[in-house]
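Participant: Quick one: this structure, given as structure tokens, is what I'll be asking you about.
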Amino acid sequence: MNVVAAAKRITGHVGFWLRALGQEAMDLSLRTHADLRTRIVESPGTTLDDTALAALVADLRAVAGNTLPAGDLTYGIFSGQREALARAIITLVSDATTGRPIAFNALAVMQVARDGETQQVIHLGLVMVDPDARGKGLSGVLYGLTTLLLFIRDGLRPKWISNVTQVPAVAGMVCETFSDVYPSPQPEARQSFTHLQLARGIMRAHRAVFGVGDEAGFDETRFVITNAYTGGSDALKKRFDEAPKHRDDIYNGFCARELDYDRGDDLLQLGRIDMAAARRYLLREIPSGSLPALLATSAVLALQRMILPLLHWLDDSRTFGILRPRRPSGEAAP
């Protein structure tokens, strides 16, 4: 029976990845825990009909209603407007038996100006977990799985991610999962000019994605958004003692020093998902010492060190380091 169950799980996972890589806009479902099912819906504002979209928004609001002690969220996906949901990627976790929604993450894809071109940035977005479901190890699915899917679908090319938070547990998770994260309490963290360009572009054109009003300030040195909870996200504001803490106290102390919780400050974190980040994610989610962990690590290392650089260098239609595409985007071959 165990062999049959394992075979079914493997078949289900293989089918999931084949569908993920083959669909132009993902709408996938996978049993990620014994009693939970995860659905990933890309751009629901453009792919779902009115009935399906209303049902999805109702599930998101149900989780929010069980999570927030008071107040309503009015920005982004909770508005129910197709425009906001068109740029979102929803990861919804539900009870596999009853279908009751218990957690979600709402990623957003932003197009940000950088060096005279447009850079895609994946905003990690709002995460909510029903209090009754906390402690079930959902953070890996809610934060990592969808981002990993997008990374793989784009040919394993590094992708920029952003995150806005005042929660030490979330800030620490971002620092430990992704690469080149700034700001971070880690000694190797540095603000590059690319970090600064993207942060300026996000604050100039994409505040609505994370519910920050025009009156909020931005400290470009520390990447701190001051007075952040005025653009529809007011109900998310927390005191430091209310914010979930990270197991490593370095992140708790960092947030306490950098943020004014009475005023309502947030960190704007920028980093990248690349092969190193993918490896960290896999090692954290797959039990160490197991054969799958060994195989996954070996495959990732092989891709990182030998295969990917060659494939990316040979592709003359995409930017690679200082190399530029042979023809501008959209220009037809002669």
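Every number in this text was worked out from the coordinates using simple rules, so none of it is lab data. Please read these numbers as outputs of a predicted model, since none were measured by experiment. FYI the Cβ positions are ideal-geometry reconstructions off the backbone, even for glycines, and counts take in every protein chain you see.
Participant: Which FRET efficiency value, to the nearest 0.05, do you get for Asp219 and Ala62 by plugging their Cβ-Cβ distance into 1/(1 + (r/R0)^6) with R0 = 35 Å?
Facilitator: That gives a FRET efficiency of 0.45.
Participant: While we're here: Roughly how many nanometres apart are two label points built 7 Å out from the Cα toward the Cβ at Thr97 and Lys136?
Facilitator: Placing both labels 7 Å along Cα→Cβ, they lie 1.2 nm apart.
Participant: Distance in nm between label sites at Ala55 and Leu196, each 7 Å beyond Cα in the beta-carbon direction?
Facilitator: For the pair Ala55/Leu196, the computed spacing is 5.0 nm.
Participant: Name the aspartates and glutamates eligible as straight-distance cross-link partners of Lys136: C-alpha to C-alpha under 17 Å, and not fewer than 8 places from it in the same chain.
Facilitator: By straight Cα distance, Lys136 reaches Asp35, Asp95, Glu285.
Participant: Any idea how far apart Asp260 and Arg284 come out in nm if each label point goes 7 Å out from Cα toward Cβ?
Facilitator: Spacing of the two 7 Å Cα→Cβ label points: 3.1 nm.
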